[in-house]
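Peer 1: Starting off with a structure, shown below.
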Amino acid sequence: MNKNWWKNAVVYQIYPRSFADSNGDGVGDLRGITGRMGYLKDLGIDVIWLSPVYQSPNADNGYDISDYRAIMPEFGTMEDFDEMLQTAHCHGIRIMMDMVLNHSSDEHPWFRESRKSKDNPYRDYYIWKDPKENGDPPNRWESSFSGPAWTFDETTGQYYLHLFAEKQPDLNWDNPSLRQEIYDMMKWWRDKGVDGFRFDVISLISKDPAFPEGEELGNGYTAITCANGPRIHEYLKEMNAAVMEGYPLITVGECPMVDEEMAKLYSGEDRHELNMIFHFEHVSGSRKNPGKYGKWDSPPMDLTELKQVLSRWQYSLAEEGWNSIYLSNHDQPRCVSRFGNDSAEYRVLSAKMLATAMHMLKGTPYIYQGEELGMTNPAFDSIDLYQDVESLNIYRELTEEEGLPESQVMDYLKKVSRDNARTPMQWDGGKNAGFSSGTPWIRINPNYVEINVQKEQMDPDSVFHYYRKLIDLRHTYPVVAEGKYGLLLPDHPSIFAYTRSLGEERLLVVCNFSKNITDIPEEIRREMSGRLLIANYEEQGTDWLRPYEAAVWYRKG
């Protein structure tokens with residue numbers, strides 16, 4: 001097997017709680033995933049990225065793990081997992097597990113032991129510090145989920161570090177015994193037959209041993225202190241040698257605070273660390289117009305800024321490293337609502353346009369469940385409908401501490417809350433969108449009657465069938481996976497156009513990010529030759545682009 005098979009692959013992220021419920025308890029589960037494997041085969045994807053299914057008290061929907069070798073009962077049993085894995089493999093689909101290794105749950109046996117006493121053998125599995133002389137936390141680091149990143153524990157009179165929720169204490173990677181336990185656990189999953197790992201916030205595992213105050217960001221963790229620590233690459237090389245060496249696994253690291261030059265260190269092929277990383281620059285709001293409250297009030301990038309960011313990453317990782325291509329995941333709002341137009345008139349066109357713009361880039365594309373249908377943000381109008389810990393915390397902070405009007409904060413949540421992506425998968429127009437026969441754990445988007453799998457599978461012009469075509473093109477044409485990228489019209493406010501070239505093969509990709517009819521510049525018209533590979537309008541013109549129009553031309557020689 002080609003060890004770099006993942007370069008030609010398309011990954012599909014499943015958020016198990018919201019994908020498919022097999023037993024009517026309102027929560028998606030492993031048997032639900034198994035029952036929908038034929039759908040994923042039909043879509044054409046190669047890999048499932050499975051968000052955490054481990055034992056967890058669910059303070060952060062499974063990203064707080066209390067047992068890395070057990071399945072959360074809501075999701076089923078280990079036998080259900082084995083059946084899902086076998087079924088996926090029978091369909092030619094690989095499984096990539098989500099590994100949360102920066103922190104565990106405070107209900108993990110390691111932490112329960114660690115907090116008992118300062119001389120407990122597990123004490124050093126976590127990060128404990130004395131208070132300042134006045135009793136304050138050791139430094140001013142902030143949690144990504146609002147408030148201090150330190151919680152005082154009465155039993156031993158020290159603070160423990162948690163860069164996320166209070167129930168997610170950070171693991172101490174400087175402890176070699178902890179690292180060995182982690183590697184042994186990963187080998188256990190590898191030997192079970194899983195095909196790779198996605199590493200949650202992996203760039204945060206090495207902390208500056210001085211624990212300096214750091215540079216304030218205004219929200220979240222501090223920039224220079226909690227990411228890309230002094231031993232991060234040592235740890236990743238050690239993990240690679242212990243777990244991945246000699247196995248054709250796919251690995252991707254979620255890497256907050258990493259730029260494109262750092263990405264080469266994480267994902268360069270001769271580095272022996274990771275295959276690729278997720279960065280957040282293109283989904284983090286405009287740097288030109290940053291908001292006061294971080295992502296909550298930051299305006300989205302305009303197209304010229306978005307093109308600059310995407311192109312910089314394309315050029316920087318052209319020869320070293322590898323890009324992960326995405327607009328959606330479980331932490332982001334629905335991409336058609338954020339980057340496109342989710343109105344009835346333009347939703348389908350803009351969903352197809354966004355997919356074209358991203359899937360023709362060089363890198364491994366990631367599809368988040370429902371993205372292939374053009375699912376939208378649900379626009380919840382009450383805080384009582386939200387479940388996400390980050391959203392609930394920021395609502396309380398901004399309304400109670402900052403004094404903002406509830407309506408203003410609700411507008412923030414409607415745009416960028418993580419729950420926008422977590423409403424259940426819309427399978428059909430029947431009860432609960434075919435997700436569950438019981439009451440869903442979170443409200444279903446009311447537009448499921450119009451947007452669902454059953455309806456789109458029957459419509460050859462649907463977003464679903466457009467995604468199938470895009471996936472097939474990546475599998476068919478080497479230039480899509482490996483071709484050199486070249487940006488055209490860098491300053492055009494509404495057209496994203498670029499070329500891909502490999503040997504004699506050449507692609508021209510043209511996308512209109514506007515609902516306005518836009519003239520096609522002469523330099524693009526000169527390139528529009530050869531065979532039309534895919535387009536979201538039936539007939540093509542050469543003088544202007546219609547609202548959210550997208551087209552890809554291919555020529556050889």
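Peer 1: Taking the Cα centre as origin and putting +1 on Lys and Arg beta-carbons and -1 on Asp and Glu beta-carbons, what dipole magnitude results for the chain, to the nearest 20 debye?
Peer 2: It works out to roughly 1480 debye.
Peer 1: Can you give the relative contact order of the chain as a percent, counting alpha carbon pairs under 8 Å and 6+ residues apart?
Peer 2: Details: 1172 pairs, mean separation 73.5, N = 557.
That works out to 13 percent.
Peer 1: Viscosity 0.692 mPa s, temperature 37 °C: what is the translational diffusion coefficient of the chain from Stokes-Einstein with a Kirkwood Rh over Cα pairs, rounded to a whole number of µm²/s?
Peer 2: 135 µm²/s
Peer 1: Within the P(r) computed for region 18-78, what percentage of the Cα pairs occupies the region above 19 Å?
Peer 2: More than 19 Å apart: 34 percent of the Cα pairs in region 18-78.
Peer 1: Which one, 172, 183, 316, projects farthest toward the positive side of the charge dipole computed for the chain from Cβ point charges (K/R +1, D/E -1)?
Peer 2: Result: 316.
Peer 1: Still on this model: Grab the other residues whose beta carbon is less than 14 angstrom from that of residue 18, score K and R as +1, D and E as -1, and report the net.
Peer 2: -2
Peer 1: What net charge is computed for the residues neighbouring residue 428, neighbours being all others with C-beta under 11 Å from the C-beta of residue 428, Lys and Arg scored +1, Asp and Glu -1?
Peer 2: Details: positive: 431, 455; negative: 456.
The answer is +1.
Peer 1: Further question on the same structure: Neighbouring Cβ atoms within 10 Å as the yardstick, rank 5, 296 fewest first.
Peer 2: 5, 296
Peer 1: Quote the relative contact order of region 26-176 in percent (integer), defining contacts as alpha-carbon pairs under 8 Å separated by 6+ residues.
Peer 2: It rounds to 20 percent for region 26-176.
Peer 1: Could you tell me, in Å, what Rg and Dmax come out for the Cα atoms of region 1-136?
Peer 2: Computed over the Cα atoms of region 1-136, radius of gyration and Dmax are 18.8, 62 Å.
Peer 1: In whole Å, how far is the Cα centre of region 264-330 from that of region 18-34?
Peer 2: 33 Å
Peer 1: Here is a follow-up. In the P(r) worked out for region 109-161, what percent of Cα pairs fall beyond 15 Å?
Peer 2: Summing the P(r) tail past 15 Å for region 109-161 gives 46 percent.
Peer 1: Project the alpha carbons of region 232-354 onto their principal axes and report the range along each, largest first, in whole Å.
Peer 2: Taking max minus min along each principal axis of the Cα atoms, region 232-354 gives 51, 31, 25 Å.
Peer 1: In the chain, once you exclude exposed GluC sites (Glu not before Pro) (DSSP loop, at most 10 other Cβ within 10 angstrom), what's the longest stretch remaining? Don't skip to the answer; put the middle values down first.
Peer 2: On the way: sites that count: 133, 154, 215, 245, 319, 504, 538, 539.
With GluC sites (Glu not before Pro) excluded where exposed in loops, the chain gives 320-503 as its longest stretch.
Peer 1: Short version: ³J(HN,Hα) in whole Hz for each residue of region 182-188, in order, from phi by Karplus 6.51 cos²θ - 1.76 cosθ + 1.60 (θ = phi - 60°), x for Gly and Pro, what are they?
Peer 2: These are the phi-based 3J(HN,Hα) values: 5, 5, 4, 5, 5, 5, 4 Hz.
Peer 1: If you don't mind, another one. Could you tally the net charge around residue 546, taking each other residue with its Cβ under 13 Å from the Cβ of residue 546, Lys/Arg +1 and Asp/Glu -1?
Peer 2: Spelling it out: positives minus negatives among the neighbours equals -4.
Peer 1: Toward the positive end of the charge dipole of the chain, about the Cα centre and with charges on Cβ (Lys, Arg +1; Asp, Glu -1), which of 298, 462, 244 goes farthest?
Peer 2: Towards the positive end, the residue furthest out is 462.
Peer 1: Amide H neighbours of residue 162 under 5 Å, counting only residues 5+ apart in sequence or on other chains, H built in-plane at 1.01 Å?
Peer 2: Result for residue 162 returns 150, 151, 170.
Peer 1: Using +1 at the C-beta of Lys and Arg and -1 at the C-beta of Asp and Glu, which of 490, 137, 194 has the Cα lying farthest in the positive direction of the dipole of the chain?
Peer 2: The Cα lying farthest towards the positive end belongs to 490.
Peer 1: Over region 109-161, what is the relative contact order in percent, taking alpha-carbon pairs closer than 8 angstrom and at least six residues apart?
Peer 2: For region 109-161, the relative contact order is 32 percent.
Just so you know, all these numbers are worked out from the coordinates, no wet-lab data involved. The model shown is predicted, which means the values in this text are computed figures rather than measured ones. Methodologically, a virtual Cβ is constructed for each residue, glycine included, from the backbone with ideal geometry; neighbour enumeration extends over all protein chains shown.
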